[in-house]
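These notes concern the structure reproduced below.
The values are calculated or read from the model by the stated rules, or taken from the named source; none is laboratory data. Predicted model, so just to flag it, every value in this text is computed and none were measured. As a convention, Cβ positions derive from the backbone with ideal geometry for all residues, glycine included, and neighbour counts pool all protein chains shown.
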Amino acid sequence: MAGTKTIAILSPGEMGHAIGRVLANRGRRVITSLAGRSERTAGLARAAGIDDVGSLDRIVREADVILSVLSSASAPVVASEVADRLAARDRPLTYVDCNALAPRTVREIGAIVSRAGGHVVDVGIVGGPPTLERGPRFYASGPYLEEFLAFRDDGFDVRPLGAEIGQASGFKMCYGALTKGLSALGAELLLAAARLDLLDPLLTEFQDSQPAVLAWLERSVPAMPPKSRRWVSEMEEIAATLGQLGLSSGYHLAASNLYWRIGETPLGHERPESRDTSRTLRVVIEELTRSLP
């Protein structure tokens with residue numbers, strides 16, 4: 001990425017700060033604005049070596065690339081705020097939308113930013129936050145795809161899907177519909193079993209007849225509560241995607257409601273980076289059973 005001097009991260013949360021840390025360790029200048037952000041986010045940014053430039057105005061003036069890594073609900077608003085500031089630039093800016101959005105939503109964002117002169121790339125991230133040793137897959141699409149392929153120079157696994165905005169987001173929606181949808185389904189049926197005093201025999205049966213599914217739930221469900229509030233809007237975007245295709249949106253709307261409820265529990269208010277990783281699937285289900293009305 002020889003031509004890229006400054007990369008902005010909006011926002012340096014769990015995923016964003018990890019991306020920024022990898023780029024900073026590769027010698028890139030990485031910036032953000034911490035105005036209005038939580039102390040937790042500020043701490044993550046500092047630990048990652050991301051510079052706080054104080055405002056979105058400065059980000060738009062100074063960045064060569066903006067990586068938008070936000071909650072699904074925040075993404076359209078922030079994109080519009082960036083577009084409003086693009087007229088002040090004297091050179092193109094690459095705007096990479098890495099959020100979990102329905103294809104229609106990201107196409108609307110693309111149109112807003114493109115009309116203002118930005119070069120938009122649609123990206124769907126599959127996998128956990130990157131480290132220096134490993135990372136997720138960045139599925140990408142759009143007419144300015146080549147500008148994001150340059151991130152391969154910094155070790156990112158970028159996988160092109162095509163020249164249309166919406167292809168990468170559609171891929172992310174289909175993938176998340178399975179993974180986060182299955183986490184919701186597994187958590188809810190186990191909560192039902194616990195309330196029926198059937199958790200032990202059900203887990204035993206899963207071990208006998210569905211060991212692969214049980215192993216997946218043992219990995220995914222304990223890590224889910226601290227992320228559940230962020231997944232509410234993602235489930236809504238998945239539901240919108242399915243509905244726009246003439247398919248059923250009901251299940252993922254129900255999953256959104258479950259994630260919202262879990263997000264209001266003590267486990268839901270923990271931070272992903274500080275949760276107790278020794279909690280087993282059984283312990284998490286038992287704690288949620290006590291916490292949920």
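General remarks:
Residues are listed down the side, and each one gets a yes or a no for (1) outside the structural domain of residue 231 (by TED's automatic domain parsing); (2) touching a Leu at 6+ places or on another chain (Cβ under 9 Å); (3) within 27 Å of residue 235 (Cα to Cα):
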site: 12; (1), (2), (3): yes, yes, yes
site: 18; (1), (2), (3): yes, yes, yes
site: 27; (1), (2), (3): yes, no, no
site: 44; (1), (2), (3): yes, no, yes
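- Residues being buried (at least 21 other Cβ atoms within 10 Å of the Cβ) and at pLDDT 95 or above - total across region 39-74: 9
- When 187, 177 are checked against the criterion of being modelled with pLDDT of 95 or more and in contact with a helix residue (DSSP H, G or I) (Cβ under 6 Å, 6 or more places away or on another chain), a single residue qualifies: 177.
- Residue match in region 200-221 (condition: of a type in the set (D, E, K, R) and either modelled with pLDDT under 95 or touching a Cys at 6+ places or on another chain (Cβ under 9 Å) (or both)): no
- The set of residues in region 121-136 that are in a strand (DSSP E or B) and in contact (Cβ under 8 Å) with a residue 60 or more places away in the chain contains only 125.
- Residue pairs whose Cβ atoms lie under 9 Å apart, sitting 6 or more positions apart in sequence or on different chains, and linking a residue in region 205-220 that is under 18 Å from residue 259 (Cα atoms) to a partner that is part of a loop (DSSP other than H, G, I, E, B), are 218/280.
- Residue within region 25-38 that is within 16 Å of residue 272 (Cα to Cα), modelled with pLDDT under 95 and under 20 Å from the mean Cα position of the chain (by Cα) present: yes
- Residue match in region 237-252 (condition: under 15 Å from the mean Cα position of the chain (by Cα), modelled with pLDDT of 95 or more and not aromatic (Phe, Trp, Tyr)): yes
- Filtered by the rule that a residue be assigned to a loop (DSSP other than H, G, I, E, B) and either among the β-branched types (Val, Ile, Thr) or free of Cβ contacts under 8 Å to residues at least 60 places away in the same chain (or both), region 137-173 gives 142, 143, 144, 163, 164, 165.
- The listed residues are 203, 178, and the only one of them that is of a type in the set (A, V, I, L, M), assigned to a helix (DSSP H, G or I) and over 19 Å from the mean Cα position of the chain (by Cα) turns out to be 203.
- So residue 234, is it surrounded by 20 or more Cβ atoms within 10 Å (Cβ to Cβ) and among the acidic types (Asp, Glu): yes
- Within region 90-113, tally of residues that are within 15 Å of residue 163 (Cα to Cα) and assigned to a helix (DSSP H, G or I): 5
- Taking every residue in region 222-249 that is closer than 27 Å to residue 275 by Cα and without any contact (Cβ under 8 Å) to a residue 12 or more places away in the chain and pairing it with any residue that is surrounded by fewer than 20 Cβ atoms within 10 Å (Cβ to Cβ) and basic (Lys, Arg), at least 6 positions away or on another chain, yields no pair with a Cβ-Cβ distance below 8 Å.
- Residue in region 93-109 that is crowded, with 16+ Cβ neighbours inside 10 Å and either on the phi > 0 side of the Ramachandran plot or out of contact with any helix residue (DSSP H, G or I) (no Cβ under 9 Å at 6 or more places or on another chain) (or both) present: no
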